[in-house]
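Structure first, then comments.
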Amino acid sequence: MSEVIRVEDLYKTYRMGDIEVPALRGINLKIDRGEFVAVMGSSGSGKSTFMNIVGCLDRPSRGKYFLEGEEVGSLSRDQWAHIRNKRIGFVFQGFNLLSRTTALENVELPMMYNGFAGKQRHNRAVEVLSLVGLGERLDHAPNQLSGGQQQRVAIARALVNGPSLVLADEPTGNLDSATSADIMTLFQRLNSAQGITMVVVTHESDIANYAQRRVMFRDGVIVSDERKDASLKQSEIWGGPKASG
């Protein structure tokens, strides 16, 4: 199986005046194509810093980041922008939809930067909105949609350019538990049926349980990396109690 993400000896240190604050301290991790991985940890654990580096939003202080075999951690900002648009789909806690545009127009937007013609954009946006269950909501503005439907629009927007990787940062943080379960089940379906590589950053164990693999960060290092036993029931998936991040 080919790898999508590989980081080697990854360090990130932030400088605040004369003080250096280590956020990542020697991370080594590989994620293969088609995996569904939850990255867990409490506030300050380093998980968000890791996400920013993997999403080409921040540069490591030391170490290397490979995306599909290409070292990208040291590329220019313009090269990063191209990678983010073509190869990485983002889903955020706050949806980040344009309020005065329809679901269809929100999803078409990333394709405009790639030079897709109007009909191509329309057809592809309809296709991915149908994929996430919103084929009947194309002309609705965000304020005419529920929170769960807005997040589905955001997921469709993340998928529309056919990315190698989808990064979701606390994607259920603004949703109730039932809607959160719907969104995570959708992620599972997209991963299994479409083969999309998913990395979800979360601090909630019940959200992480939807993933096949759970990577726990604490104090800038990885303290555990577990894979789900497919033979177990949902309630038994991760065994006994785990140390919280």
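No value in this document is a laboratory result; all are computed from the given coordinates. As the structure is a prediction and not an experimental result, all values here were calculated from the model. Don't worry about glycine lacking a Cβ; one is built from the backbone with ideal geometry, like all the others, and counts go over all protein chains shown.
Being of a type outside the set (Ser, Thr, Tyr), without any contact (Cβ under 8 Å) to a residue 24 or more places away in the chain and assigned to a helix (DSSP H, G or I) is true for just one of Arg152, Arg121, Arg157. Which residue is that? Don't jump to the end; show me each part of the working.
Working: Arg152 fails: without any contact (Cβ under 8 Å) to a residue 24 or more places away in the chain; Arg157 fails: without any contact (Cβ under 8 Å) to a residue 24 or more places away in the chain.
It is Arg121.
When every residue of segment 132-144 is checked against the conditions, at least one turns out to be buried (at least 17 other Cβ atoms within 10 Å of the Cβ) and in a helix (DSSP H, G or I). Restricting the search to segment 1-37, which residues are in contact with a Ser or Thr (Cβ under 8 Å, 6 or more places away or on another chain) and either surrounded by fewer than 18 Cβ atoms within 10 Å (Cβ to Cβ) or part of a loop (DSSP other than H, G, I, E, B) (or both)? Those that are in contact with a Ser or Thr (Cβ under 8 Å, 6 or more places away or on another chain) and either surrounded by fewer than 18 Cβ atoms within 10 Å (Cβ to Cβ) or part of a loop (DSSP other than H, G, I, E, B) (or both): Tyr11, Thr13, Glu20, Val21, Pro22, Asp32, Arg33, Gly34, Glu35.
Taking the criterion of being assigned to a loop (DSSP other than H, G, I, E, B), surrounded by 15 or more Cβ atoms within 10 Å (Cβ to Cβ) and either hydrophobic (A, V, I, L, M, F, W, C) or in contact with a Phe, Trp or Tyr (Cβ under 7 Å, 6 or more places away or on another chain) (or both), the residues of segment 72-118 that qualify are Val72, Gly73, Leu75, Phe95, Leu97, Phe116.
For residues in segment 62-71 being within 22 Å of Val200 (Cα to Cα) and surrounded by 13 or more Cβ atoms within 10 Å (Cβ to Cβ), which is farthest from the chain's Cα centre (by Cα)? The extreme case among them is Lys64.
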